[in-house]
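Reviewing the structure listed below.
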Amino acid sequence: MINIAVDGPVGAGKSTVARECAKRLGIIYVDTGAMYRACALFCVRNGVDIKPENEAEIAKLLNDGLKLEITLVDGVQHVIVNGEDVSEAIRENSISMAASAVSALASVRAFLLGRQRELAANNSVIMDGRDIGTVVLPNADLKIFITAKPEIRAKRRYDELKAKGTDITFDEVLADLNKRDYNDMHRKEAPLVQAEDAVLLDTSELDFEQTVARVTGLADKLGKLL
Ligand code: DC
């Protein structure tokens, strides 16, 4: 059994890299951002404004009404909310900021923490998020903090959104990214911070294949995969 924690800011390439590494290492990829996105989508669909004053209402809504399932289809994670596959819907740009807002609430983090730990306890995983190495899996076998310069991360995110046909400018993407990072780094609950024992991986000058090679190289050194 092996647990790899991957954290970092928006658009650092965590999820694409972690997904590919999971495939190559023969372990499961868990995208915890998708869980926060699912909670945010559920709040938005139920007409609840995501703000600290509404925390009790949000906690009740999630605890009483949200049945969240994480399934794997051919190694790809799907997020199911009350029976509906919302894997695409949670990627909408409007849900990104809502997810950042909902993730600042202690009760929402508590709602998801147990599931995240359970997944890692029962499977070999590479799990990505913001607090995996610091809070969710403090005893992970390997912790990696992936980052890149903001302009580079924004360009990657911009290309991704454009490819999906989203009507947005580069400056808007950069501003959103900076705002989300600021929120994620400055919140009281489990802020985004590099764990002391995490390996820092700056991908500004690395392409996808080079980044994947670095991560799998670090994982191979663990020698615990077989
Ligand atoms: O990785 P992402 O962009 O899909 O994550 C969406 C939001 O969820 C992000 O702004 C911060 C939050 N998040 C978090 O607080 N903790 C995690 N472990 C993962 C995501």
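The values are calculated or read from the model by the stated rules, or taken from the named source; none is laboratory data. Every value quoted in this text rests on a predicted model; they were computed, and no experiment measured them. Quick reminder, even Gly has a Cβ in these numbers, built from the backbone with ideal geometry, and neighbours come from all protein chains shown. Accessible surface areas use protein heavy atoms only, side chains included; no ligands, DNA or RNA. Shrake-Rupley method; radii C 1.70, N 1.55, O 1.52, S 1.80 Å.
Which of the lysines could a cross-linker bridge to residue 162, judged by Cα under 30 Å and excluding same-chain residues fewer than eight apart?
Reachable lysines: 14, 23, 51, 149, 179.
Tally Lys and Arg at +1 and Asp and Glu at -1 over the other residues with C-beta under 14 Å from the C-beta of residue 5: what net charge comes out?
For residues surrounding residue 5, the net value is -3.
Under 10 Å, Cα contacts only: if you run a Gaussian network model on the chain, which one of 38, 190, 121 comes out with the highest mean-square fluctuation?
Between 38, 190, 121, it is 121 that shows the largest mean-square fluctuation.
What is the chain's relative contact order, in percent, from Cα pairs under 8 angstrom and six or more apart in sequence?
34 percent
Could you please tell me the mean projected area of the C-alpha convex hull for the range 148-214, averaged over all directions and given in square nanometres to one decimal?
Answer in nm², one decimal: 5.8.
Would you calculate a helix-derived [θ] at 222 nm for the chain, using -39,500 (n - 2.57) for each DSSP H run of n ≥ 4 and dividing by the full residue count, to the nearest 500?
Estimated from H runs of four or more residues: -15500 deg cm²/dmol.
Hey, any idea what % of the chain's accessible area is carbon plus sulfur with a 1.4 Å probe? Write down the numbers at each step before the final one.
Numbers: 5760 of 10970 Å².
It is 52 percent, rounded to a whole number.
On the Cα set of the range 1-127, report Rg and Dmax in Å, please.
14.4, 44
Can you give the % of DSSP beta bridges in the chain that are antiparallel, to the nearest 5?
Percentage antiparallel, nearest 5: 30.
With the other protein chains left in place, how much accessible area per residue, in square angstrom, belongs to the range 1-144 at a 1.4 angstrom probe? If you can, show how the numbers build up before the last one.
Details: 5860 Å² over 144 residues.
With the other protein chains kept in place, the range 1-144 gives 41 Å² per residue.
With the crude spin-label approximation of a point 7 Å out along Cα→Cβ, what separation in nm comes out for residue 139 versus residue 56?
3.7 nm
What percentage of all Cα-Cα pairs in the chain are separated by more than 29 Å?
23 percent
Residue 24: net charge of surrounding residues, Cβ under 13 Å, Lys/Arg +1, Asp/Glu -1, itself excluded?
0
Add +1 for every Lys or Arg and -1 for every Asp or Glu among the other residues with Cβ under 11 Å from the Cβ of residue 103, and state the total.
After counting each charged neighbour, the total is +2.
Longest exposed-loop-site-free stretch of the chain, with trypsin sites (Lys or Arg not before Pro), DSSP loop and at most 13 other Cβ within 10 Å?
Answer from the scan: 68-163.
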